[in-house]
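This report refers to the structure that appears directly beneath it.
The values are calculated or read from the model by the stated rules, or taken from the named source; none is laboratory data. Since we're looking at a predicted model, the values are computed, not measured. No Cβ is skipped: glycine too gets one built from the backbone with ideal geometry, and neighbour counts run over all protein chains shown. The protein model used for the area step is the full one, side chains on, heavy atoms only, and it has no ligands, DNA or RNA in it. Shrake-Rupley method; radii C 1.70, N 1.55, O 1.52, S 1.80 Å.
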Amino acid sequence: MTLEGQKKAADTLEAYGITGVVVIGGDGTFRGAKDLSDNFGVKCMGIPGTIDNDLAYTDYTIGFDTAVNTVLSAINSLRDTMQSHDRVSLVEVMGRHCGDIALYSGIASGAEIIVVPEIKFDMDDIVGRINRSRANGKHSNIIVVAEGVMGADQFAKQLQEVTTYSVRPTCIGHVQRGGSPSMADRMLAAQFGNKAVRLLNEGIGNRVVGIRDNKIIDMDIIEAVSMKKTFNHELYETLQMISM
């Protein structure tokens, strides 16, 4: 965060004969790499590593697929017990500003309702969707809520006030950030790493790598972090159509 700290890093790199740095992270990490490059000439390449999938320039970030699969496994287990007790399961997943974990895990698990920060929700509408689901023969429901909306306990309390169904909150928590990486994440990391090192070997720095339309791409660090993340409304509408 300071020139003094950056100089110490640059001196250490020089002392060990390191000519390029690959940083893995998100917005803050990339901006730090940009400063190190601009102020001390260290060639840096950025690789997107965040489970939230909240970087706009790339379709997917390392860690996202693993986190979604962790959530999916938990929801599958919750579905079993909710069905046997005719309950509504409220599942809180990570995502303060980006609802991608909730969106993807919700669709993949067959959740009836997804609540994300990008879209305003109405509790009466949620109750109506549960009622319609029950009328269509379902005896339990899964609601996936991103933490950026509110916590599971608070949401369950508000929902319980307007419905007679039994609601059980579950916060999956930090297990989403660990575990054995999925095949998709391992493949993505290998491709990103290969691209980053190849660019550094060509004397190129101040870039980030990513994936877009299933192709590995690279672009300027500042251009990448300046892009605004957009929510996938088409996927959200897909859930609305198939969840009933």
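Both the radius of gyration and Dmax for the chain are 21.3, 70 Å, in that order, over alpha-carbon atoms. For the chain, a Gaussian network of Cα nodes joined below 10 Å ranks ASN53, ASN141, ASN194 by mean-square fluctuation, and the top entry is ASN194.
Taking the C-alpha atoms only, the angle from helix 233-242 to the longest principal axis of the chain is near 30 degrees.
Return one number: the angle in degrees, 0 to 90 and rounded to the nearest 10, between the long axis of the Cα atoms of helix 183-201 and the longest principal axis of the Cα atoms of the chain. So the helix axis and the longest Cα principal axis differ by about 20 degrees. Its Cα gyration tensor gives segment 158-199 an equivalent ellipsoid. The semi-axes, each the square root of 5 times an eigenvalue, are 43, 11, 9 Å from largest down.
For segment 194-244, carbon and sulfur atoms together expose 47% of the accessible surface, with a 1.4 angstrom probe and every protein chain in place. In segment 20-94, the portion of solvent-accessible area held by carbon and sulfur atoms comes to 44 percent [1.4 Å probe, whole percent, DNA, RNA and ligands not counted]. Beta bridges assigned by DSSP with both partners in the chain are antiparallel in approximately 20 percent of cases.
Separation of segment 1-57 and segment 137-155, taken as the distance between their Cα centroids, equals 38 angstrom.
Against the chain, whose longest principal axis comes from its Cα atoms, helix 123-135 is set at around 60 degrees.
Loop-only check: which GluC sites (Glu not before Pro) in segment 164-241 are DSSP coil with at most 12 other Cβ within 10 angstrom? Working shown, then result.
Numbers: sites: GLU202, GLU223, GLU234, GLU237; in loops: GLU202.
Counting only loop positions with at most 12 other Cβ atoms within 10 Å, the GluC sites (Glu not before Pro) in segment 164-241 are GLU202.
Across the options MET183, GLY203, ASN232, the greatest Cα extent toward the positive end of the charge dipole of segment 180-244 (unit charges at beta carbon of Lys, Arg, Asp, Glu) belongs to GLY203. Counting only lysines at least 8 places from LYS228 when in the same chain, those with an alpha carbon closer than 30 Å to its own are LYS34, LYS43, LYS120, LYS195, LYS215. Once backbone amide H atoms are built at 1.01 Å from N, VAL167 has VAL88 as its partners under 5 Å, excluding neighbours fewer than 5 places away on the same chain.
With the highest mean first, a sort of the peptides 158-166, 73-81 on other beta-carbon atoms found within 10 angstrom per residue produces 73-81, 158-166. Sorted on the mean count of surrounding Cβ atoms within 10 Å across their residues, most packed first, peptides 224-233, 207-216 read 207-216, 224-233.
Placing unit charges on the Cβ atoms only, positive for Lys and Arg and negative for Asp and Glu, gives the chain a dipole magnitude near 340 debye about its Cα centre. Net length available on complete extension from ASN214 to LYS228 is 3.0 nm, with 0.36 nm assigned per residue and the Cα-Cα distance removed. Accessible surface area normalised per residue over segment 79-154 is 41 Å², counting heavy atoms of protein chains with a 1.4 Å rolling probe.
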